[in-house]
Amino acid sequence: MQNQTPQDLIEKRLEMTRRYFFQRTGLGIGGAALGALLRPALAAKNVESSPMRVTGLPDVTPKAKRVIYLFQSGAPSQLDLFDPKPGLDNRFDQDLPESVRQGQRLTTMTSGQTRFPLAPSKYAFKRHGDSGAWISELMPHLPNVADELCFIKSMYTEQINHDPAITFFQTGFQLAGRPSMGSWVSYGLGSANRDLPAFVVMVSRGTGRPSCQPLYDRLWGSGMLPSRHQGVKFLSVGDPVLYLSNPDGIDRPTRRRQLDDLGVLNQHRHDHVGDPEISTRIAQYELAYRMQVSVPELTDTSNEPKSVLDMYGPNVRNRGTYANNCLLARRLAERDVRFIQLYHMGWDQHFTLPKQISGQCRDTDQPTTGLLRDLKQRGMLDDTLVVWAGEFGRTVYCQGKLTRENYGRDHHPRCFTVWLAGGGIKPGMSYGATDDFSYNIMEKPVHVNNLNATILAALGINHKTLSVPFQGLDLRLTGVEGHDVVHDIML
């Protein structure tokens, strides 16, 4: 005992703690991560046959190999984009009937209004494609792919304010700290490309309200899952990924020697204390080293044909734009990145909606359509699930001053529209319906957890068995409330 150092005594005490015991049980995961670095071919086989995946996946061939999630942050107005209510034209500026509102919760931004005047959309709608999908004139390009889309008109959520609603959509829980969907997918399926992350995130600012709602890195965090499953954010300025370039005076062979020496030290520490996050650290250092080659090649779009660039619109060459991010999403999908998350800010339109929403649609309509067409022509849409969604919808009544040409809309969690395409989803259909005011759901309600369960099912993941023990619960993305897959929209 007298030869033990203070550090040895600390480690001895750690061995007697409950927390340390559970850390030690994670060694198998850490060892698998290190094995992926040292013996890639063997590790790939182990990923395919891991016990977690056997219990987490049903005995079916997944339709989707990857997800491209186009999240429209700020909440697009379903009334002005996909859910036309022509009967409102004759009820302009009339009060929303109490029989419709039914005393439902309002935000503090409109709860003090003395009236709730109806604000019909000023935009024309038409049916498109063989499916007869309703799409607003705000999106002139999307009708070209209308028959690829599956609209869910009856989405609803439990959250009425942006931050908890976005957090709920991304993690299945309204409070921060849980794993995001991309992290769950990375955890459940692993990576299919050892030179790129399994989960990549890109953020763009719209021309509607570009600074309206902040987005925090925790939205693509891994929560209590191993940190290697968190999303890697691609940046719009400088290096595409933080610290991708070597510092001045450090060449690639020098960096390799540094990592080798650092790996020895980290492995020694891992052998001593058994913390699985040390293995994660080793794996992430090695991935970062490989990304110094893979990411510059990925983000160099100079070899893309003009015909392809033209599909994405005039902003496709401008880094950080939604159009450029859509193109990069296709290139990431080609390289088998599992989960690609695009956030586009600016949809929070409380007062001057017509001016702001037109800008947002110019940002997104052509690039979104171009992405779907590009995937289709490459034969990738069948195994790539594309999701377009915001955190909630918008009210039929006006917030602020109402005129025929100008109006605003408040948050509305009771009903809104999202759409999906490809990846095992039935094309050319609309699911669910709202009332004449797009205020309440009349048919086939779909909760956020239903949507998330369906996305996982398209990937071949059983949402009920993809779980981790945490604080006495078997934690999962879709909660424990009994929400299930929307089988009616799946092939």
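The values are calculated or read from the model by the stated rules, or taken from the named source; none is laboratory data. From a predicted model like this one, the values you see are computed outputs, not experimental measurements. Glycine gets a Cβ as well: all are built from the backbone with ideal geometry, and neighbour counts include every protein chain shown.
Just a few scattered comments:
- Lone unmet requirement of (1) surrounded by 22 or more Cβ atoms within 10 Å (Cβ to Cβ); (2) within 24 Å of MET224 (Cβ to Cβ); (3) touching a Gly at 6+ places or on another chain (Cβ under 9 Å) for GLY313: (2)
- For the range 427-448, taking the residues that are in a loop (DSSP other than H, G, I, E, B) and acidic (Asp, Glu), the one that is nearest to GLY172 (Cα to Cα) is identified as ASP435.
- Any hit, the range 297-304, residues being among the hydroxyl-bearing types (Ser, Thr, Tyr) and in contact with a strand residue (DSSP E or B) (Cβ under 8 Å, 6 or more places away or on another chain): yes
- Test: residue in the range 123-136 that is acidic (Asp, Glu) and at pLDDT below 95: no
- Flag not set for TYR343, criterion: under 30 Å from ALA119 (Cβ atoms), touching an Asp or Glu at 6+ places or on another chain (Cβ under 7 Å) and buried (at least 17 other Cβ atoms within 10 Å of the Cβ).
- Out of GLN174, GLN170, sole residue that is touching a Phe, Trp or Tyr at 6+ places or on another chain (Cβ under 8 Å) and either part of a helix (DSSP H, G or I) or within 20 Å of GLN366 (Cα to Cα) (or both): GLN170
- Hey, ASP248 within 27 Å of the chain's Cα centre (by Cα) and either closer than 13 Å to ALA288 by Cβ or not in a helix (DSSP H, G or I) (or both) or not: no
- Residue count for the range 328-371, restricted to those that are over 17 Å from the mean Cα position of the chain (by Cα) and either of a type in the set (A, V, I, L, M) or farther than 21 Å from ARG66 by Cα (or both): 18
- Search result, residues across the range 99-148 that are closer than 24 Å to VAL386 by Cβ, among the charged types (D, E, K, R), in contact with a helix residue (DSSP H, G or I) (Cβ under 9 Å, 6 or more places away or on another chain) and part of a loop (DSSP other than H, G, I, E, B): ASP130
- Test: residue in the range 264-274 that is without any contact (Cβ under 8 Å) to a residue 40 or more places away in the chain, over 30 Å from ASN325 (Cα atoms), surrounded by 17 or more Cβ atoms within 10 Å (Cβ to Cβ) and touching a helix residue (DSSP H, G or I) at 6+ places or on another chain (Cβ under 9 Å): yes
- Residue in the range 214-232 that is surrounded by the fewest Cβ atoms within 10 Å (Cβ to Cβ), counting only those that are in contact with a strand residue (DSSP E or B) (Cβ under 6 Å, 6 or more places away or on another chain) and farther than 13 Å from PRO276 by Cβ: LEU215
- Under the condition of being buried (at least 21 other Cβ atoms within 10 Å of the Cβ) and of a type outside the set (D, E, K, R), the residues counted in the range 65-119 number 19.
- Considered as a group, the residues in the range 460-491 that are assigned to a strand (DSSP E or B) and of a type outside the set (A, V, I, L, M) include one that is surrounded by the most Cβ atoms within 10 Å (Cβ to Cβ), and that residue is PHE470.
- Selection status of GLY177, closer than 21 Å to GLY221 by Cβ, within 17 Å of the chain's Cα centre (by Cα) and surrounded by fewer than 24 Cβ atoms within 10 Å (Cβ to Cβ): yes
- Some residue of the range 184-206 being surrounded by fewer than 24 Cβ atoms within 10 Å (Cβ to Cβ) and without any contact (Cβ under 8 Å) to a residue 60 or more places away in the chain: no
- Taking first residues from the range 449-476 that are without any contact (Cβ under 8 Å) to a residue 60 or more places away in the chain and of a type in the set (Asp, Glu) and partners that are in a strand (DSSP E or B) and surrounded by fewer than 17 Cβ atoms within 10 Å (Cβ to Cβ), the Cβ contacts under 8 Å between residues at least 6 apart in sequence or on separate chains come to ASP474/VAL468.
- The residue pairs whose first member lies in the range 74-93 and is outside any loop (DSSP other than H, G, I, E, B), whose second member is modelled with pLDDT under 95 and aromatic (Phe, Trp, Tyr), and whose beta carbons are closer than 8 Å, counting only pairs six or more residues apart or on different chains, do not exist in this structure.
- Looking across the range 383-404, just one residue is among the aromatic types (Phe, Trp, Tyr), under 22 Å from ASP436 (Cβ atoms) and in contact with a helix residue (DSSP H, G or I) (Cβ under 8 Å, 6 or more places away or on another chain), and that is PHE392.
- Conditions (1) assigned to a helix (DSSP H, G or I); (2) crowded, with 20+ Cβ neighbours inside 10 Å; (3) at pLDDT 95 or above: number failed by SER154: (1)
- Lone unmet requirement of (1) in a helix (DSSP H, G or I); (2) under 30 Å from ASN324 (Cα atoms) for ASP261: (2)
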